[in-house]
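The values are calculated or read from the model by the stated rules, or taken from the named source; none is laboratory data. Keep in mind that what you see is a predicted model, and the values were worked out from it rather than measured. When we count neighbours, we look across all protein chains shown, and the Cβ atoms used for this are built from the backbone with ideal geometry, even at glycine. Ligands, DNA and RNA are stripped out before the accessible areas are found, and what is left, the full protein with its side chains, is counted by its heavy atoms. Shrake-Rupley method; radii C 1.70, N 1.55, O 1.52, S 1.80 Å.
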Amino acid sequence: MLKAFLRFIATAGLVLCTAATAGAANQSVASAGQAGEATPWHFGAGVSAGRLTPVMLEGSVRYKAATLHVAGFGFHKGANDFWCGIRGNIGWTFLRDFPFNLFLGVGGGYEFAEAPNEMHRAVNRANNAMYLYPYNYKELLDITADLRINLFGVFTQISFPAYRFKDHDAPDFSWRVGYLMEF
């Protein structure tokens, strides 16, 4: 299993490096045809999926290599059935002129998710009393070290917690997968 995973990582790295090298030539030709000097400012908008917040709307501002990412969203389905979150990070984008780039930064945010627990509700109904909460919840307020890998707008982000202010049944690290279109 580990060998297969390492082969996948090596193959993916080779494909990404090849795509970045091929795309750099195309991008330099395209930018040479533009009138005037290219702006150092770039803005982005997109959507991502991950945990704890299942879906987030993404936004970014980049000046040269310094980048600010902000994401957030929420959903309310009913009593004890909702989630919300807001996250942001600031850092440095490496290989920014290529289709493949790497972002390293520091981030933070707050995420909360609550879902009904039918087993707990059944125990409470059977005993005619509330012994257990009728829902499960996860809550996280933290500062993280972030790594984001981007290929043609599709990104994967992994956030490792540096410090947690609040933590209830939260995962050891957070991840996001999404698409961010820069303009």
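If each of Phe75 and Ile149 carries a label point 7 Å out from its Cα toward its Cβ, how far apart are those two points in nm?
2.7 nm
Got a sec? What order do Glu118, Glu139 fall in by accessible area at 1.4 Å, biggest, i.e. largest, first?
Working: Glu118 105, Glu139 25 Å².
Listed by decreasing accessible area, they come as Glu118, Glu139.
Straight-line reach only, C-alpha to C-alpha below 16 angstrom: list the aspartates and glutamates that Lys138 could link to, leaving out same-chain residues fewer than 8 apart.
Candidates past the 8-residue exclusion: Asp81, Glu111, Glu114, Asp167, Asp169, Asp172.
Once fully extended, how much extra length lies between Leu141 and Asp167, figured as 0.36 nm per residue of separation less the alpha-carbon to alpha-carbon distance? Don't skip to the end; give the middle numbers.
Details: separation 26, 0.36 × 26 = 9.36 nm, distance 0.66 nm.
Length gained between Leu141 and Asp167: 8.7 nm.
May I ask you to compute the full-extension gain from Asn127 to Leu102, defined as 0.36 nm times their residue separation minus their alpha-carbon distance, rounded to one decimal in nm?
3.5 nm
Can you give the accessible area of Tyr135, probe radius 1.4 Å, in Å² rounded to 10?
50 Å²
Do you know the relative contact order of segment 55-183, to the nearest whole percent, from alpha carbon pairs under 8 angstrom that are 6+ apart?
Numbers: 301 pairs, mean separation 23.4, N = 129.
For segment 55-183, the relative contact order is 18 percent.
Please give the contour-minus-distance gain from Trp175 to Ala115: 0.36 nm per residue of separation, less the Cα-Cα distance, rounded to one decimal in nm.
Values: separation 60, 0.36 × 60 = 21.60 nm, distance 2.02 nm.
Gain on stretching Trp175 to Ala115: 19.6 nm.
Quick check: convex hull over the Cα atoms of segment 42-183, volume per residue in Å³, rounded to an integer? Working shown, then result.
Working: hull volume 13.6 nm³, N = 142.
Dividing the Cα hull volume of segment 42-183 by its residues yields 96 Å³.
With N set to the residue count of segment 112-183, report its C-alpha Rg divided by 2.2 N^0.38 Å to two decimal places.
My calculation over the Cα atoms of segment 112-183 gives 1.64.
Taking +1 at the Cβ of each Lys and Arg and -1 at the Cβ of each Asp and Glu, which of Ser174, Ala126, Leu102 sits farthest along the dipole of segment 98-181 towards its positive end, judged by Cα position relative to the Cα centre?
Ala126
At a Cα cut-off below 17 Å, give the aspartates and glutamates reachable from Lys64, other chains included and same-chain residues fewer than 8 away excluded.
Glu37, Asp97, Glu182
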